[in-house]
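Novice: Sharing a structure below in structure tokens format, with a few things to ask.
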Amino acid sequence: MIQEPPPTVPTGDLAELVACPQCDLLHHVGNVSEDASSRCKRCGTVLFAPRTGAIERLVALALGALVLMVVAVSFPFLQMSASGFSSKASVFDTISAFTGGLMAPLSLATAAFIILLPVLRLCALIYAVGPLLFGRPPVPGAATSFRLASRLKPWSMAEIFMIGVAVALVKMMGMASIGFGTAFWAFGFLVILVTAMDAMMCERTIWRLLAKR
Ligand SMILES: [Zn+2]
């Protein structure tokens with residue numbers, strides 16, 4: 001039987017330690033060059049992959065996602081027609097449908113998770129990283145802003161909303177004819193942009209850039 005070696009705790013500066021996001025193994029990365037990419041030595045997960053032009057793409061994707069969010073909340077999301085009656089609903093209509101009584105907290109939570117927190121996260125990211133694009137020093141509060149953006153990541157749930165909508169649509173297809181509005185497609189592309197942005201963002205590179213300047 002092969003026994004796994006006992007885990008060793010690397011020593012040194014805390015800022016040079018990186019935990020694998022999959023298996024939590026600690027790695028000492030102080031001597032890894034900024035242009036190198038590294039993988040976890042236990043499970044092979046990519047720990048960081050700095051790429052040239054990554055900041056430009058990050059800011060472009062975040063700006064694109066913000067524009068799509070404006071479209072997503074300004075235009076009709078779905079149009080339904082059944083037995084001669086037809087109605088259009090926007091994301092705001094969905095949120096304001098429960099503003100009274102016991103359901104009011106649900107409205108607030110929906111607005112926060114699918115619009116307010118994602119917009120706050122994108123703005124915080126652009127504020128922190130944007131000036132680096134032009135070779136400027138980080139603006140005051142850039143580190144706090146980037147930390148806020150990282151903390152908000154699990155709370156931005158536009159994609160969960162889209163999954164919910166997809167499930168509801170499957171159930172309603174038989175009862176009414178459904179048309180997709182501009183906001184539906186904007187939300188769909190928004191989810192793709194944010195997923196691409198998260199996949200290519202290397203937090204370590206950004207922290208290093210913020211610290212260096
Ligand atoms: Zn690992």
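The values are calculated or read from the model by the stated rules, or taken from the named source; none is laboratory data. All values derive from a computational prediction rather than experimental measurement. Counting neighbours? That spans all protein chains shown, and the Cβs are built from the backbone with ideal geometry, glycine included. These accessible areas exclude ligands, DNA and RNA; they are computed on the full protein's heavy atoms, side chains included. Shrake-Rupley method; radii C 1.70, N 1.55, O 1.52, S 1.80 Å.
Novice: For a quick protection proxy, order the peptides 159-165, 84-90, 127-133 by their average other-Cβ count within 10 Å, most packed first. Before the final figure, lay out the partial values.
Specialist: Numbers: 159-165: 15.1, 84-90: 12.0, 127-133: 19.3.
Taking the mean over residues of other Cβ atoms within 10 Å, the ranking is 127-133, 159-165, 84-90.
Novice: Then there's this: In terms of solvent-accessible area of protein heavy atoms at a 1.4 angstrom probe, what is the ranking of Asp24, Asp198, highest value first?
Specialist: Output order, biggest surface exposure first: Asp24, Asp198.
Novice: How large is the accessible surface of Thr99 in square angstrom, using a 1.4 angstrom probe and rounding to the nearest 10?
Specialist: 100
Novice: Under the 0.36 nm per residue contour assumption, what length would be gained going from the current alpha-carbon distance of Ser150 and Arg39 to full extension?
Specialist: Full-extension gain reported as 37.9 nm.
Novice: Shifting gears a bit: Have a look at Ser37, Leu106, Val167 and report the one farthest towards the positive end of the charge dipole of the chain, computed about the Cα centre with Cβ charges (Lys/Arg +1, Asp/Glu -1).
Specialist: Ser37
Novice: Would you mind giving the three semi-axes, in whole Å and largest first, of the ellipsoid equivalent to the chain according to its Cα gyration tensor?
Specialist: Values: eigenvalues 329, 94, 49 Å².
Listed largest to smallest, the semi-axes of the chain are 41, 22, 16 Å.
Novice: Among the lysines, which fall within straight-line cross-link reach of Lys88, defined as a Cα-Cα distance under 29 Å, with same-chain neighbours fewer than 8 residues apart omitted?
Specialist: Partners found: Lys171.
Novice: How do Ile95, Ile192 stack up against each other in accessible area, from largest to smallest, with a 1.4 angstrom probe? Walk me through the numbers before you get to the answer.
Specialist: Details: Ile95 20, Ile192 105 Å².
So, going from the largest accessible area down, we get Ile192, Ile95.
Novice: Which helices of the chain meet both criteria: a Cα extent of 20 Å or more along the helical axis and a mean Kyte-Doolittle score no lower than 0.0, with helices taken as whole DSSP H segments?
Specialist: Those that pass (Cα extent of 20 Å or more, hydropathy at least 0.0) are 54-74, 117-133, 158-172, 182-200.
Novice: With springs connecting C-alpha atoms under 10 Å apart, model the chain as a Gaussian network and identify which of Val170, Val29, Val119 has the largest mean-square fluctuation.
Specialist: In this elastic network of the chain, the residue with the biggest mean-square fluctuation among Val170, Val29, Val119 is Val170.
Novice: Cross-link candidates for Lys212: which lysines have Cα within less than 28 Å, leaving aside residues fewer than 8 places away along the same chain?
Specialist: Correct list for Lys212: Lys41, Lys153.
Novice: What nm value, rounded to one decimal, do you get for the distance between Met80 and Asp13 when each label is placed 7 Å out toward the C-beta?
Specialist: Distance between the two pseudo-spin positions: 5.8 nm.
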